[in-house]
Amino acid sequence: MSKSARTARRRGSNSVVRTTFSSGEVISALTSHGFVPVGGKGSHTTLRYENADTGEVRTVTVPKAESIPTGTLHDIADQAGAEDFHSFCEWIDNTV
């Protein structure tokens with residue numbers, strides 16, 4: 001799938017943000033940030049992140065799909081602790 005497959009305009013900005021990613025792209029970005037795969041033999045992969053300074057633990061579940069629906073990607077961003085969905089998407093796009 002091309003990087004321009006699905007995009008959205010950032011509110012109050014002229015910049016366009018890619019909002020469609022494969023599970024491989026999302027998992028790759030998360031593991032590069034310290035998330036570790038801890039499970040998922042079926043249709044989903046579960047990743048875990050523990051902040052060494054605060055002890056905060058985050059668990060993220062990513063469905064195995066060629067194209068993750070935008071609503072599901074919002075849920076993944078929330079689980080990962082992202083404060084802004086479009087920034088999360090930009091981060092994934094710049095990481096993969």
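The values are calculated or read from the model by the stated rules, or taken from the named source; none is laboratory data. Quick caveat, the model's predicted, so the values are computed rather than measured. With ideal geometry, Cβ positions are generated from the backbone for all residues, glycine too; neighbour counts draw on all protein chains shown.
For region 14-58, residues that are at pLDDT below 90, closer than 19 Å to Ile92 by Cα and small (Gly, Ala, Ser) total 1.
The residues of region 24-58 that are exposed (fewer than 14 other Cβ atoms within 10 Å of the Cβ), hydroxyl-bearing (Ser, Thr, Tyr) and in contact with a strand residue (DSSP E or B) (Cβ under 8 Å, 6 or more places away or on another chain) amount to a single one, Ser43.
Per the conditions (1) surrounded by 18 or more Cβ atoms within 10 Å (Cβ to Cβ); (2) of a type in the set (S, T, N, Q); (3) modelled with pLDDT of 95 or more; (4) part of a loop (DSSP other than H, G, I, E, B), the sole criterion not satisfied by Ser67 is (1). A search for C-beta distances below 6 Å between a residue of region 54-65 that is free of Cβ contacts under 8 Å to residues at least 60 places away in the same chain and any residue that is of a type in the set (Asp, Glu), counting only pairs 6+ apart in sequence or on different chains, returns Val57/Glu50. Taken over region 20-61, the residue count meeting the criterion of being assigned to a loop (DSSP other than H, G, I, E, B), in contact with a Phe, Trp or Tyr (Cβ under 8 Å, 6 or more places away or on another chain) and among the β-branched types (Val, Ile, Thr) is 0. Cβ-Cβ distances below 7 Å connect the following pairs, each with a first residue in region 76-87 that is on the phi > 0 side of the Ramachandran plot, a second residue that is surrounded by 13 or more Cβ atoms within 10 Å (Cβ to Cβ) and among the charged types (D, E, K, R), and a separation of six or more residues or different chains: Gly81/Arg58.
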